[in-house]
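Trainee: Questions regarding the structure given below will be posed in turn.
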Amino acid sequence: MKPKTLKALRNRLQMTQKQMAELFGMSLSSWQRKEITTTSPNYRPVNGGEFITLLLLAGEHPDYKLEKKN
């Protein structure tokens with residue numbers, strides 16, 4: 001996932017970088033490295049689980065959707 005796409009999904013969820021870092025159990029700086037340009041030596045891509053979770057949370061997964069429990 002490109003950093004621009006990642007940031008767009010986060011913005012769609014109306015979450016800050018700090019909130020995303022907390023959601024995924026990582027430091028703020030770790031999350032920020034996922035949103036910087038891919039040419040930076042500090043860039044770290046999202047992993048498969050993070051990618052799927054973000055798609056589900058944003059309602060963008062092509063096959064599944066999350067539903068709130070009653």
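Trainee: Return the residues of region 24-39 that are in contact (Cβ under 8 Å) with a residue 12 or more places away in the chain and either part of a helix (DSSP H, G or I) or within 13 Å of K4 (Cα to Cα) (or both); say none if nothing qualifies. Reasoning before the result, please.
Mentor: Restricting attention to region 24-39, the residues satisfying the condition of being in contact (Cβ under 8 Å) with a residue 12 or more places away in the chain are 24, 30-32, 34-38.
Correct list: S30, W31, Q32, K34, E35, I36, T37, T38.
Trainee: Ok, one more. Of everything in region 40-55, what is assigned to a helix (DSSP H, G or I) and surrounded by 15 or more Cβ atoms within 10 Å (Cβ to Cβ)? Give them in sequence order.
Mentor: As a first pass, look at region 40-55 and keep what is assigned to a helix (DSSP H, G or I): 48-55.
Correct list: E50, F51, T53, L54, L55.
Trainee: Taking the residues in region 1-39 that are farther than 27 Å from E67 by Cα and out of contact with any Lys or Arg (no Cβ under 8 Å at 6 or more places or on another chain) as candidates, determine which candidate is surrounded by the most Cβ atoms within 10 Å (Cβ to Cβ).
Mentor: Q32
None of the figures in this text is laboratory data; all of them are computed from the coordinates on show. In this text, all values refer to a predicted model and were calculated from it rather than measured experimentally. Ideal geometry is used to build each Cβ from the backbone, glycine not excepted, and the neighbour counts take in all protein chains shown.
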